[in-house]
Amino acid sequence: MKLEKEGLLNTIITGVGGQGNVVASQIFASAAVRDGFYVSVGETYGAAQRGGAVMSHVRLSRETQYGSLTPEGRAHVIVGFEPVECLRTVGGFGNKKTRVIVNPRPVYPIDVLSGASKYPAVEEVLKAIKELVYSIHMVEATELAKKAGDPIMQNVVMVGCLAGSGFAPVKVETLKEVVKETFAKKRPEANLKAFELGVEQIRRKKPL
Amino acid sequence: MSSIVVKGSRDLQKNVLANGLCSACGACTNLCPYIDMVRGRAVLIEPCGLSEGKCYDFCPRAYVDVPSLDRFVFGSYRRDLALGSNISVMKARAKESEVRSSAQYGGAVSALVTYALETGEIDAAVLAKSQDRISAEPTIARNRKEVFECAGSKYIVCPTVAEVFEATKQVKGKIGVVGTSCQITAVRKMQASNLEVEADKIGLLIGLFCTWAFSPDAYGYIRDLVGPAKVMKIDVPPPPANIFVIQTEAKRIEVPLDKVRKFVMPACNVCFDMTNEFADISVGTVEGKEDWNTVIVRTKEGEKILQGAIDVGVIEPKPLEKDRLNHLCEASLTRKRRVLTETEAEKIAYLTIREEDKFKIVS
Amino acid sequence: MSHFEIDEPGKRVLLMGNEAIARGALEAGVDFCSGYPGNPASEILEALARAAKKSDFHVEWSVNEIVALETAGAAASTGLRALTAMKNLGADVCADFLMTVNLSGTRGGFVLVTGDDPSAHSTTSELDTRNYARLADVPLLEPATTQEAKDMTKWAFDLSQELGVICMVRTVTRISHSRGVVTLGPLDRDKRSAEFSSQDLWTSGSSTIECMFHSILHEKLKRAQEKFEESKFNWYVGKENADFIIITSGTGWLYSLEAVKLLGLENEVGILKLGTTWPLPEKLVASHLKHAKEVLFVEETDPFLEQNMKILAAELASEGVGPIRFYGKKSNHVRGEFGAGTGELNVDVVIRALTEIGKAAYLSREKGYSEKAEKLLGSYVPARSMGFCAGCPHRASFWAIKKAAKWDGRDAIVTGDIGCYSLGMLPTGFSVSKTLHCMGAGIGTANGFGNLREFGLDKPVIAIAGDSTFYHACMPALVNARWNGSNILFVVLDNNTTAMTGHQPHPGTGVNALGDSSPRILIEDICEAIGAEVRICDPFDLEKSVQNLYELLQNEGVKVMIFRHECPLAFPKEKKARVYVDQDKCLGEECGCVKFCTRVFGCPGNIWDYEKGKAKIDEVMCNGCGLCAKICPAGAIIVEEVT
């Protein structure tokens, strides 16, 4: 897919601390650098990882370096590791042209478990996202990750989805290379499988 | 059981725990992770959020509806305002002198519990066990030896009922309980409760006459008095003695009651029930007769067990002299009168009795 | 994965800002590095430690920031190149030395890198450390991009060495933790040798000597300023001699650029971007103030440039500067969620400032979108508070403290400190701790609370600190408590790591920054030497922990409880036990439980099955620690070890 008219592609990977947000955005960003893009990645570390909401902004451009945070309403692609976080991010950064890939598996906040808040029905959340964006693809990434060997690899599955979707002008091959290098010493086959399952799945599935 | 509105842990905290009314009976502890028993007080770690719960329903200071409880236990309302519902009152003691020597007075409780266990009336009994004769802990006894280890009065409060709930889970058959008035009242409330299922297992309730108990703060005081010496027995002789007696191996220590009055649990001051009116059998002293117990038989179940024990020769009965009986009734009424007239309204709000009875007692 | 230490000059790599700073130090040939873990600066030293394993230079985590600065300062005084990195609040801790080593000077390049945290994402203060440069009279550099983070750090060493004074490089979260493309430079392989003779004097002096050194420091600053006038880190873009200019530094540069672009103002406004922000390159700034009629300051967090340049403008009034309409924090145009002078910058903040000033109109997306989104979020998006990780021993520790305090019944005062366990103030920690300030303030303030009996405050006082915090800041306060008779119970949460900042080692872990083994200095030994009553428990043994805490609370004097249990993230188990809930035994919402594990205990591994009305375990989040199995009142949670 070509870069948007502005010559800039804003992707936000969103989820809960501990879901592997940072690794996913690093893989995507490294691949983009390899393909010759200017890349900026903005993240929140530290306290947010203790179960808080985490967003990684990955901004690609052919011409110049941009600041690391996407302005309001300017995300082109949102990859949600968790449905409520996905909706939260869409609310702040989405627009009617945004494309979304989401893993519908909830991670319950302590506020919900304590009874202070209610967790909405996932269908309602996906419906709300659909109202706000151009297209939404739902991928059971945790289930696919289990197939690959460990549910914790859902982030790699989602990177595969991003790769296979064609939403970003980064080559699938480049992303695959980076995945291989990243996990060279940590279950390389399983992670590669997770990536490939993601690529396959997004191509097979229609948007909601 | 009644039209009582059962409440929850927040109300328990407000009405009982924060009001200094907790008698450490143990009924609300061991039910859930939110309430612990700490040194003679029940402590609410955090309200559980339920508006209705067992802790409040079992608590003998949250609410005691005397008419309802009478109907539940005895089938009808009491006629005897001094002693509560009863079938007979007598003197009794354990036949074996060995039983009596390890007991406080006549050994009737030890003998009755042992009899009930050995005849299979109950499979286990929840008792208060003391290692050092000063403080005690609840325990589940299943045989004669274990029962005898629990003989003797305990003056520092022991949260016996905490172990009753545990016993209903552990013990397959019937359970017996020996406890003070508030404790037996709590167990009756457990049996009557809509919230509790396993209470069906509770078979025999033996109640001890009770006027007051010390908080665990008394432990340090007594230990300091006694030093490392072994305590054989602690006793409060009848008035007009006004002393508290500690018998060690070596000597007899007498302490004026005034010195230890500060350790009495405040909750005891609002207790209406000297003779343990909801038990199957209530057992107390015979003033001046160290070797005998006063026994009040209240229910059919109690009567059956006591008679059985008498028949096999484990218990030796004797009629109770009239003046002793009058003295007992007078003592009980005096206490009720005092509680009804001298206690702050909010501290006695837990107790529901018929207006006409209140009037009769007071005048 | 990143290759910040590779020897390939000219290569383009994606680096985190902190890695770029580390790279800059390597390119400058740094010899001696020190610091203390702190967000957002922790990765600087971690990266340098990784490089030091392969090359031969010194990297250490120091016990706190002042020792870190002192130890590096000494190295620099011998002619070595030294770098100290810390978070913003670390500057407060080392301020005493900064305010004297600026005067005593340096021989080798000496660079202090401070990482600020606008919006306080992971800190307890938005402190803007640029103010320290002004206070200390030392040169200040502010990188605006990842590339500058590298280049400025490298240059800072040369600058420092030439001037003979420590130089500050100030970064923020969005530079430190963001990643950008960096073109690498050559690595410096020169090995310097350290020289310091017994004849050397290295002091800030006092009385006349200090005043003399102070004056010399001012001279150095003047020379710095001259260099700054020509610095390639300062530039002006946009309309020549524009009436309206934006003056910016740090992250403000790229945000302003993008804002101007989005508003179509490229040909109307000018942007003066400064990288050398103290001392101000006055001539350069003056040249632009002369043509400006309106100036918008875009910086974070304090109005540092804004105030200093207003002073400059006032000074230049007689030379034809002004009158200028100034916009920024004072005018409330540049503001965060809670107002001006607080909160981080982003493109939208700058856009809003420009549109409010009236420069342009702007719609970020389709009309009505934001309102619609807000409504949907209100209906469907619950808050997501922070919480302890699954398997975290702090959860057990705080529950034990809560119980013991309730058992005690005297309304104990609990003071908190800095670390993962700061979350003890939140529901995840059962809202047990009630105070939070800076490193060591827990036991520091407890000293006071525990000594107010004569004023009628006679409650038990419990101070909490972590293991790393203990070595950093708690020891003096513990001594003080003993010495001045304060009645406190000090609970040290020892999880064998510095967790919140990324699991760095500390003096109790037996390992140093390079991962080599080092002497273990035991917390209990120090506490016993001070004369405290010390007990050690595993918080996972809840019954014992509560009992021991309760007993300690009944005693007088200084008591220490060490809750010792390793952080599960720092020391992950080989095989995770399988934990599940026996659905038949689970009491759920019934009296006797009322969802104790999910509603109260709050481990993210304990979740609720709304359909069945029972608890269950989230196998992805669950850590296999088995703590919930211990606290379940029905014994319904089963732990199956996996062999």
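Points worth noting:
- Where only C-alpha atoms are counted, convex hull volume of region C:330-475 per residue in Å³: 204 Å³
- Sorted largest first, extent of region C:184-254 alpha carbons per principal axis (Å): 58, 40, 20
- Spread of Cα-to-Cα distances over 5 Å intervals beginning at zero, given as percent, for region C:194-305: 2, 11, 17, 17, 15, 10, 8, 7, 6, 5, 3, 1, 0
- Rg and Dmax of chain B, both derived from C-alpha coordinates alone, stand at 19.3, 56 Å.
- Counting neighbouring Cβ atoms within 10 Å and putting the fewest first, the residues C:SER545, A:SER114 line up as A:SER114, C:SER545.
- Exposure proxy order (Cβ contacts within 10 Å, fewest to most) of C:CYS632, C:CYS211: C:CYS211, C:CYS632
- Among C:THR203, C:THR428, sorting on how many other beta-carbon atoms sit within 10 Å of each Cβ, with the fewest leading, yields C:THR203, C:THR428.
- Semi-axis lengths, largest first, of the ellipsoid equivalent to the protein assembly as shown are 72, 35, 27 Å, with √(5λ) applied to each eigenvalue of the Cα gyration tensor.
- P(r), alpha carbons of region C:235-357 - 5 Å bins starting at zero, rounded %: 2, 12, 24, 26, 21, 11, 3, 0
- The Rg/Rh ratio for region C:393-564 is 0.95, where Rg is the radius of gyration of the alpha carbons and Rh is the Kirkwood radius.
- Principal axis analysis of the Cα atoms in region B:268-344 yields extents of 49, 27, 19 Å, listed in decreasing size.
- Inverting the pair-averaged 1/r between distinct Cα atoms of region C:512-643 gives 17.5 Å as its Kirkwood hydrodynamic radius.
- Radius ratio Rg over Rh of region B:218-263, counting only Cα atoms, Kirkwood formula for Rh: 0.95
- Looking at chain C, the pairs of alpha carbons with a distance over 39 Å make up 41% of the total.
- Between 0 and 90°, nearest 10: helix C:88-104 axis offset from chain C longest Cα axis: 50 degrees
- P(r) tail for chain A: Cα pairs beyond 32 Å make up 10% of the total.
- Taken about its Cα centre, region B:218-263 carries a charge dipole of roughly 80 debye when the Cβ of each Lys and Arg holds +1 and the Cβ of each Asp and Glu holds -1.
- Region B:1-75 and region B:187-219: distance between their alpha carbon centers, rounded to Å: 12 Å
- Measuring max minus min along each principal axis, the C-alpha atoms of region A:96-188 give extents of 43, 33, 19 Å (largest first).
- To the nearest ten degrees, helix C:146-163 and the longest principal axis of the Cα atoms of chain C are 70 degrees apart.
- Acute angle (nearest 10 degrees) that the helix C:65-77 long axis makes with the longest principal axis of chain C, alpha-carbon atoms: 40 degrees
Throughout, read-outs are computed from the coordinates displayed, never taken from laboratory work. On a predicted model such as this, the values are computed, not experimentally measured, just so you know. Neighbour counts are summed over all protein chains in view; Cβ atoms, including those assigned to glycine, are modelled from backbone coordinates with ideal geometry.
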